[in-house]
Amino acid sequence: MYTPAPLCAAVGMFDGVHIGHRSLIANVCDAASARGYTPAVFTFDIHPLEIVAPERSPKLICTLDERVALLREAGIKQVEVLRFDNDMRRLSSEDFMAMLRQKYDVEALVVGFNHRFGHGASGSFDHYRQYGRGIGIDVIQASECEKAGVSSTAIRLMLAQGQVDHAAALLARPFRLSGTVEHGHKLGRTIGFPTANIHVDPRIILPAPGVYATKAVLPDGSVWPAMVNIGVRPTVDNSTQPPVTVEAHIIGFSGNLYDRTISLDFISFIRPERRFASTDDLAARLAADRDATLNIISNR
């Protein structure tokens with residue numbers, strides 16, 4: 001009769017699953033392999049700050065589905081998504097560890113460098129280890145990530161400054177935006193640059209306004225060079241409070257993408273968004289942006 005192996009786990013938000021997270025995950029997988037356990041991660045459906053301090057809750061680097069997929073790609077066999085609510089918020093570190101042991105059969109817990117959990121993020125590694133001994137959890141200190149300064153906060157700051165290449169270095173992949181193609185004003189096609197207007201989950205961070213070289217991943221899996229504008233389209237939208245839009249001109253593509261989901265992998269910042277004197281001037285600049293995008297993508 002098959003008996004599931006106990007879990008060797010780590011706990012955290014893991015937003016972005018960046019190289020610091022991957023270092024911790026490697027520790028989990030190594031410890032699990034040494035013990036014959038299943039490598040697991042416990043993460044949350046929302047950022048805890050949405051409940052604890054909504055005014056400080058950050059935009060996220062990736063969606064929950066993307067986070068789970070990235071954790072699995074990194075070698076985690078079991079991902080448990082915990083609902084973070086007021087009941088979860090009130091759990092002490094001891095209560096939280098007891099829940100992991102009793103409900104999920106966690107027998108080893110890998111704790112990241114300087115990581116704290118439970119109500120008030122109280123306790124220390126030594127406290128966790130001592131309490132763990134009493135309930136049958138081996139608490140293991142993870143090794144520190146070799147690259148200093150890696151955090152989801154640092155990546156968000158880079159994206160807010162348009163430094164998508166720097167963010168990619170910490171993510172070990174390009175920053176990705178995914179969303180559904182919506183109907184827009186169709187002004188781009190009138191000047192030779194039709195765009196796909198992407199509806200992005202409002203909880204996800206957008207890079208700084210500007211034009212970017214990206215790779216568009218279409219529903220059929222094909223990858224196309226695309227130049228993307230994030231901003232308020234000042235040349236063509238003179239409204240008082242124009243919405244921020246994400247518009248992708250997929251270079252060389254011709255087809256219907258409405259109501260389909262596409263992904264944009266951000267490779268490089270090209271220029272800030274600006275107002276042009278006329279649509280002719282805008283079209284000329286877009287032609288230069290297209291050439292820059294093709295040059296960038298061909299060298300990546």
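The values are calculated or read from the model by the stated rules, or taken from the named source; none is laboratory data. This one's a predicted model, so the numbers in the text were calculated from it and none came from an experiment. So basically every Cβ, Gly included, is an ideal-geometry build from the backbone, and we count neighbours across all protein chains shown. Just the protein is used for accessible areas: all its heavy atoms, side chains included, with ligands, DNA and RNA removed. Shrake-Rupley method; radii C 1.70, N 1.55, O 1.52, S 1.80 Å.
Numbers for the structure displayed
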| read-out | value |
| --- | --- |
| Distance-filtered residues of region 233-251 - backbone nitrogen under 18 Å, label point 7 angstrom along Ser278 Cα→Cβ | 235-237 |
| Extension gain, Leu206 back to Asp220 (0.36 nm per residue minus Cα-Cα distance, nm) | 2.6 nm |
| Hydrodynamic radius by Kirkwood, which averages 1/r over all alpha carbon pairs of region 1-157, in angstrom | 15.9 Å |
| q = 0.17, 0.22, 0.24, 0.25 Å⁻¹, region 161-247: log10 I(q)/I(0) [Debye, one scatterer per Cα] | -0.80, -1.31, -1.50, -1.59 |
| ³J(HN,Hα), Karplus 6.51/-1.76/1.60, whole Hz, each residue of region 286-300, x for Gly, Pro | 5, 5, 5, 5, 4, 4, 5, 4, 4, 5, 5, 5, 5, 9, 10 |
| 222 nm mean residue ellipticity, helices alone, for the chain (DSSP H n ≥ 4; -39,500 (n - 2.57); rounded to 500) | -9500 deg cm²/dmol |
| Under 5 Å, built H, 5+ apart or other chain: amide partners of Gly179 | Ile262 |
| Relative contact order (percent, whole number), region 1-99, Cα cutoff 8 Å, 6+ residue spacing | 32 percent |
| Accessible area of the chain belonging to carbon and sulfur atoms, whole % at 1.4 Å probe | 50 percent |
| Alpha carbon Rg of the chain, scaled by the compact-globule rule 2.2 N^0.38 Å | 1.17 |
| Ordering of 52-61, 214-223 by burial proxy (mean other Cβ atoms within 10 Å per residue, highest first) | 214-223, 52-61 |
| Amide H contacts under 5 Å for Ile270, placed H, 5+ residues apart | Val211, Tyr212, Ala213 |
| 5 angstrom amide H check on Ser92, placed H, neighbours 5+ away | His119 |
| Contact order normalised by residue count of the chain, Cα under 8 Å, 6+ apart, percent | 16 percent |
| Backbone HN-Hα couplings from phi across region 264-275 [Karplus 6.51/-1.76/1.60, Hz, Gly and Pro as x] | 10, 9, 7, 9, 7, 7, 9, 6, x, 6, 8, 8 |
| Magnitude of the charge dipole, the chain, Cβ model with Lys/Arg +1 and Asp/Glu -1, debye to 20 | 280 debye |
| Residue-normalised accessible area of region 152-257, expressed per residue, 1.4 Å probe, Å² | 46 Å² |
| Rh (Kirkwood; distinct C-alpha pairs) - region 88-158, Å | 13.3 Å |
